[in-house]
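Here the structure comes first, spelled out in structure tokens, and everything after it is commentary.
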Amino acid sequence: MAEIVSLAEAVGRAIHDGDAVAMEGFTHLIPFAAGHEVIRQRRRDLTLIRMTPDLVYDQLIGAGCARKLIFSWGGNPGVGSLHRFRDAVEHSWPVPLEIEEHSHAGMANRYVAGASGLPFAVLRGYNGTGLETLNGGYGSAPTIKPITCPFTGETLTAVSAIRPDVAVIHAQRADRSGNVQLWGITGVQKEAVLASERSVVTVEEIVDELDPRPGAVVLPAWTVSFVAPAPGGAHPSYAMGYSARDNDYYVAWDAIARDRDAFTRWLDEQVYSVPAGQL
């Protein structure tokens, strides 16, 4: 059952050095506050998993938290590249970064398999694209294998399930029992939580009762490990119904991330010197 704790306690208890950590949220509800707390607690050797790594993973990679990245697309949405990600891959700064690349469909199916308790998912999407060779050649990559359909004989692609140690998401609300509610654009947050051994959910507010919302996803308290109040915890992305996207932040990040010294100053001023829960 979910425990309602501070963000610092949630990260401290859930995320350990060497863990595989999936931080999900698409366009909005990106768990920036939780990501910054992971940096603040100086976690190391993490395998970071995310369908669309953007600024939050650029920051974690630049801070030296990551050993490996499993992903399907990476960039600064609407602006350009992730320069800390690029520096880690090309120059091993601040530490070397291993990468494992998949398609969006491959990642989504891997999460669904993990959430369903299945060892793998099957899809056509890799065949003939070259994606199946990116991680070691078709058939040699540990997470991508050819498979023959037992009904038609067709060769398809199997992708191994994603089962992170920890899932981290941001949501609009939780009630006092730890049931979580999110709405708006939802990606694979539900699947990431269900596939993971532990989970941290930051929320805009704790309420007495969750009221119905069209298209809302509710994660029952028994699926969640820790709930942490973090108003504004998705900034600079947004939380539908609570905040707007800070477009200027994304533009400003490009210059900060291009320069190692500028990035290091940003870490000192905006993360390490800021107490948990303050944005």
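The values are calculated or read from the model by the stated rules, or taken from the named source; none is laboratory data. In this text the structure is predicted, and so the values were computed from the model without any measurement. Note that each Cβ is placed from the backbone with ideal geometry, even for glycine, and that neighbours are counted across all protein chains shown. We work out accessible area using only protein heavy atoms, side chains counted, and drop any ligands, DNA or RNA first. Shrake-Rupley method; radii C 1.70, N 1.55, O 1.52, S 1.80 Å.
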Is the range 5-54 rounded, prolate or oblate when judged by the Cα gyration tensor, a ≥ b ≥ c being the square roots of its eigenvalues, rounded requiring a/c under 1.5 and prolate requiring a/b larger than b/c?
oblate
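Against the globular-protein guess of 2.2 N^0.38 Å, express the Cα radius of gyration of the range 1-135 as a ratio, rounded to two decimals.
Numbers: Rg = 15.4 Å, N = 135, 2.2 N^0.38 = 14.2 Å.
For the range 1-135, the normalised Cα radius of gyration comes out at 1.09.
Equivalent-ellipsoid semi-axes (√(5λ), Cα gyration tensor) for the range 55-173, whole Å, largest first?
29, 18, 13
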Rh_Kirkwood(the range 134-279) over Cα pairs, Å, one decimal, evaluates to 18.4 Å
Let me know the whole percent of all Cα-Cα pairs from the chain that are separated by more than 28 Å.
34 percent
Estimated distance in nm for a label pair at I99 and A262, the labels positioned 7 Å out from Cα along Cα-to-Cβ:
2.1 nm
Dipole magnitude (debye, nearest 20) for the chain, charges at Cβ of Lys, Arg, Asp, Glu
460 debye
May I ask you to give the percent of accessible area on the chain that is carbon plus sulfur, with a probe radius of 1.4 Å?
53 percent
Using alpha-carbon pairs under 8 Å, 6+ residues apart, how would you state the relative contact order of the chain in percent?
25 percent
Measure off 7 Å from each Cα along the Cα-to-Cβ vector at D248 and K145, then give the distance between these two points in nanometres to one decimal.
5.3 nm
The answer for the chain, accessible area per residue at 1.4 Å probe in Å², is 42 Å²
